[in-house]
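What follows is calculated from the coordinates using simple rules that are stated; it is not laboratory data. Just so it is clear, the structure is predicted and the values come from calculations on it, not from any experiment. Reconstructed Cβ throughout: ideal geometry from the backbone, glycine too, with neighbour counts over all protein chains shown.
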Amino acid sequence: MEKKVSLWQIFGVFAKIGAFTIGGGYAMIPLIQAEMSRRGWISEEDLPDIVALSQSAPGVMAVNISIFAGHKLRGFKGSVAATLGSILPSFLGILAIAMFFTAFKDNPWVERAFKGIRPVVISLIAVPMVKMAQKSCKNWWTWSLAVAALVLVAFLNVSPIYIIICVLVLGGSVTFYMLKKIPGQAGNDEGQAGNDKGHTGNDGMMEGQ
C-alpha cells in the first residue's frame, strides 16, 4: 500500500457501509467490495479470506468483518476505527426505532416498504456470493464441493457444522497425503537420476573399449 490510510478514512467508509447495511452481515459484503476495492484497500482475492475468517470467529459477522478488514489496513487501531464506524449507524438507528417505531409500526406504508426491502437484501447477498464462488472455485472438484454444500444446506437441512467438519477432515487428509507423497517422489527422482548416471558411465566404458 503506497499511501497510509488514515483512521478517519476507515471510520468514514465503514460508517457509510454500516448505515446502508440492511439484512445482516452478508448484506455488508457487496458494500465492502465496492467501497474498499474502489479505493484499492483490498483485492478481490482478499475478500473471501476476510469473509471466511469472519464466519469462523465467534460473534456478529458484520463486526468481525470490520475487525479483520480494519486490521488489514491499520492494525489494531484500524480494527477499532472500522468497528466503531460500522456499529455506530446501526446503534443510532435501533435507538431511534425503539423510541419512535411504536407510533408507526402498524402503518401499511411502512409494512410495504419492509416487504419491498426483503428481495433486494437477497440479491445483495447472492451477487457477492456468486462472485466469490467464481474466484475461489478454480476446478471441477472445488465446484463439486460448493454445489454439494449448497444442496445439503438448502434442500436437505444438513447443519453447516457437519459440512465444515467433513471438509476440514477431507482437506487435511488430502494435504497429508500430498506431503507424504512428495518425499517418495523425490526419492524416486534421485534414484532415476542415479540410474541415468550409471547408464552414462556404462556407455562411456563401452566407448572406451
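Sort 146-159, 85-98 by the packing proxy (mean of other Cβ within 10 Å over each peptide's residues), most packed first.
On the way: 146-159: 11.9, 85-98: 14.6.
Top of the packing list down: 85-98, 146-159.
Label-to-label distance, residue 126 versus residue 165, with points set 7 angstrom from Cα along the beta-carbon direction: 3.2 nm. Remark: relative contact order (region 38-165) = 14 percent; criterion is Cα-Cα distance under 8 angstrom and separation of 6 or more residues.
Along the charge dipole of region 1-136, pointing to its positive end and built from +1/-1 on Cβ of Lys, Arg, Asp and Glu, which listed residue (56, 134, 75) has its Cα farthest out? Final value for the positive-end residue is 75.
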